[in-house]
Amino acid sequence: METNEPTQDPLMFPTETEQDPFAGLPEPDENAVVTASGDSFGYDFTTQEADFDPLSEANAVTGGHDSHIETLASYGQLLAPPSYADSVLLDKGEIQPDEISAELAPKPARSSPLQITVSDPVKRVEGSVIPGVSGGYITYKVETKTSLPSFKARECLVRRRFRDFVELSELLSQTQRGFFVPPRPEKNVVEGQRMTKDFIEGRRLALEKYLAKLAGHPVISHSSELRVFLECDGELSLSPEWSALKPSHASVLEGVAKLPKQLIAHDRSTVTPAEASQPARNNNDFMRMFKEFKTSISPDSKAISNNLPTSEEEASLKAENTHVIEFEVKLTETTRKAEHLVKRLEDVGNVLGDIGLSFIKVAKFEDEDGLRCGQYTDSGEACKCIAADSRRIGMAAVRMSRLSRTATVQTATQLSQLHDYLALLPAIRIALRERDAARITVATIEAELQEKKKRVSNLEEQSSKVFGGDKNRTRKISELQQTVSSLEAACDASRAEYERVKSRNLSEMERYKSEKTENFMGMLIGFARVQAAFAERSFNVWLGVAEEFGAAAEIAAKLSPGRS
């Protein structure tokens with residue numbers, strides 16, 4: 001049974017980056033520690049100090065090989081779309097497999113007419129119905145740079161709270177019926193975490209990513225809903241322009257009050273064209289809901305097949321809906337496997353760090369023991385040799401731990417496409433169900449129209465048999481003919497709405513399949529390059545250690561991946 005709730009994503013909470021446990025290591029003796037030649041993910045360990053951290057943020061400022069590399073420390077940063085150069089952490093010219101042709105390389109990001117940033121979270125205090133208790137919320141500064149002529153200015157600056165983003169998402173789901181509307185970030189389920197620094201930063205990044213997806217949509221980026229959200233000053237809920245964008249809805253009480261009259265046939269009003277072009281839930285018309293439900297429980301019934309034959313496009317969209325459901329099941333399992341992979345990589349880094357620290361402690365113990373035995377005695381010399389060897393292995397393991405941490409973060413960054421599409425699939429299913437609902441509306445109104453026409457025909461036939469006519473039948477015929485005219489107009493409106501939603505589904509499905517192929521191809525290529533870079537750097541580190549332990553140069557050359 002399908003639900004509107006998004007599937008829980010195992011990559012939702014990626015690997016945490018903790019404070020570097022190796023930052024305080026003393027610089028080893030120059031003669032005791034010799035590192036491998038080459039660099040590691042863009043960092044040259046031959047010329048760096050022994051306690052140099054390739055994940056250090058300071059290095060990005062003061063100068064490693066790749067100063068553009070940042071430590072991705074939070075959920076939002078981890079899922080931020082990286083550039084292709086950043087995703088592999090390599091200088092150009094390194095690890096360029098010949099089998100990866102130029103046409104398979106990821107294309108540059110599409111230029112968007114909207115450039116949106118979310119920044120400067122500020123806590124606000126609001127009153128409460130309980131005396132002495134005050135609530136709080138966070139507002140975010142939303143800056144927009146645009147070249148769209150519909151905007152009043154090239155640059156806009158407003159402040160929005162999370163509730164405003166929720167309203168935007170709900171409004172888009174109503175007005176952009178049939179489009180694959182990107183999902184907004186979820187609300188926080190743990191109340192105590194709402195005001196923590198990490199949560200606020202994570203939400204800021206998630207909101208910025210959400211607006212970037214809306215800005216990248218070919219239709220929603222030009223919508224009035226997004227434009228008003230980005231440029232309307234002050235409280236969004238108090239804006240008349242924003243309120244005018246919301247579709248008019250009948251209240252539940254109005255629908256309940258209208259139902260008894262419909263049941264006892266006192267209310268002879270029919271569906272209007274405006275109502276027919278909207279879902280029944282928007283008007284809270286329970287009688288219409290019952291009729292459409294009756295039609296929907298037998299989708300292959302005679303009413304639907306006669307009144308609305310299945311076209312080739314409709315059949316293809318139904319098949320696509322089945323494929324989306326099957327893909328969601330497979331993607332859910334894939335994200336579980338990806339989460340397991342990321343966890344294993346994290347464990348490898350932790351174990352390498354523990355091994356490295358253990359060997360460094362052994363080296364320290366041997367140094368102290370050598371001093372007690374005498375620096376120039378045989379025992380002291382033996383302790384010195386053991387300490388030097390242990391320190392070589394320990395520092396190499398520490399470097400490998402840092403490499404593994406970098407590779408873990410970049411692996412999770414590449415696999416973030418799995419999370420993005422897993423979050424999008426429920427929105428796709430909802431959009432496809434909107435087309436089904438519009439089709440059922442057409443079939444229901446068509447069936448009612450045919451019934452009214454049949455009654456008119458029967459009454460006219462009965463009235464023709466009475467000499468001089470029957471006034472009561474004539475009056476009923478006149479009323480039914482008016483009803484038929486109204487239903488014909490409503491039927492035309494519902495058909496137009498169905499065709500509109502269907503065309504949106506078709507265009508969106510084509511765009512979705514094209515972008516998914518491109519994004520997944522880029523994800524797999526980036527993932528492979530990260531793993532290849534990690535393997536090469538790991539080889540260089542351990543090869544340097546082997547050379548220091550006396551491995552012959554011929555053996556090292558034979559093991560090198562670049563040998564002829």
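The values are calculated or read from the model by the stated rules, or taken from the named source; none is laboratory data. As the structure is a prediction and not an experimental result, all values here were calculated from the model. Ideal geometry is used to build each Cβ from the backbone, glycine not excepted, and the neighbour counts take in all protein chains shown.
Starting from segment 425-443, take each residue that is at positive phi and list its partners that are crowded, with 22+ Cβ neighbours inside 10 Å and modelled with pLDDT under 95, counting only C-beta distances under 9 angstrom and pairs at least six apart or across chains.
Within 9 Å, no pair qualifies.
Could you check ARG154 against (1) over 30 Å from GLU434 (Cα atoms); (2) of a type in the set (Lys, Arg); (3) in contact with an Asp or Glu (Cβ under 7 Å, 6 or more places away or on another chain); (4) at pLDDT 90 or above and say which number it fails?
The single condition ARG154 does not satisfy is (3).
Identify, by number, the condition in (1) surrounded by fewer than 13 Cβ atoms within 10 Å (Cβ to Cβ); (2) at pLDDT below 90; (3) not aliphatic (A, V, I, L, M) that ARG344 doesn't meet.
Single failed check for ARG344: (2).
Limited to segment 371-412, what total is found for residues that are more than 52 Å from the chain's Cα centre (by Cα) and crowded, with 21+ Cβ neighbours inside 10 Å?
Residues in segment 371-412 being more than 52 Å from the chain's Cα centre (by Cα) and crowded, with 21+ Cβ neighbours inside 10 Å: 1 in total.
Kindly indicate whether ALA244 is hydrophobic (A, V, I, L, M, F, W, C), modelled with pLDDT of 85 or more and surrounded by fewer than 17 Cβ atoms within 10 Å (Cβ to Cβ). Break it down stepwise before answering.
On the way: hydrophobic (A, V, I, L, M, F, W, C): yes; modelled with pLDDT of 85 or more: yes; surrounded by fewer than 17 Cβ atoms within 10 Å (Cβ to Cβ): yes.
The answer is yes for ALA244.
Regarding segment 181-190, can at least one residue be identified that is surrounded by fewer than 20 Cβ atoms within 10 Å (Cβ to Cβ), among the polar types (S, T, N, Q), in contact with a helix residue (DSSP H, G or I) (Cβ under 8 Å, 6 or more places away or on another chain) and within 30 Å of GLN278 (Cβ to Cβ)?
no
Can you tell me which residue within segment 417-437, out of those that are among the small types (Gly, Ala, Ser) and at pLDDT 90 or above, is surrounded by the most Cβ atoms within 10 Å (Cβ to Cβ)? Lay out the reasoning, then the answer.
From segment 417-437, those among the small types (Gly, Ala, Ser) are 423, 427, 431, 437; that's our starting set.
Those still in the list that are at pLDDT 90 or above too: 423, 427, 431.
Numbers: ALA423: 18, ALA427: 19, ALA431: 24.
The residue in question is ALA431.
Does SER494 satisfy the condition of being without any contact (Cβ under 8 Å) to a residue 60 or more places away in the chain and assigned to a helix (DSSP H, G or I)?
For SER494, the condition - without any contact (Cβ under 8 Å) to a residue 60 or more places away in the chain and assigned to a helix (DSSP H, G or I) - is not met.
Of all residues in segment 518-544, which are aromatic (Phe, Trp, Tyr) and buried (at least 19 other Cβ atoms within 10 Å of the Cβ)?
Let us first name the residues in segment 518-544 that are aromatic (Phe, Trp, Tyr), namely 520, 527, 534, 539, 542.
Residues satisfying the conditions are PHE527, PHE534.
Has segment 402-422 got any residue that is in contact with a Lys or Arg (Cβ under 8 Å, 6 or more places away or on another chain) and more than 30 Å from THR175 (Cβ to Cβ)? Lay out the reasoning, then the answer.
Residues of segment 402-422 that are in contact with a Lys or Arg (Cβ under 8 Å, 6 or more places away or on another chain), as a first pass: 403, 421.
Still in the list and also more than 30 Å from THR175 (Cβ to Cβ): 403.
Yes, segment 402-422 contains at least one residue that is in contact with a Lys or Arg (Cβ under 8 Å, 6 or more places away or on another chain) and more than 30 Å from THR175 (Cβ to Cβ).
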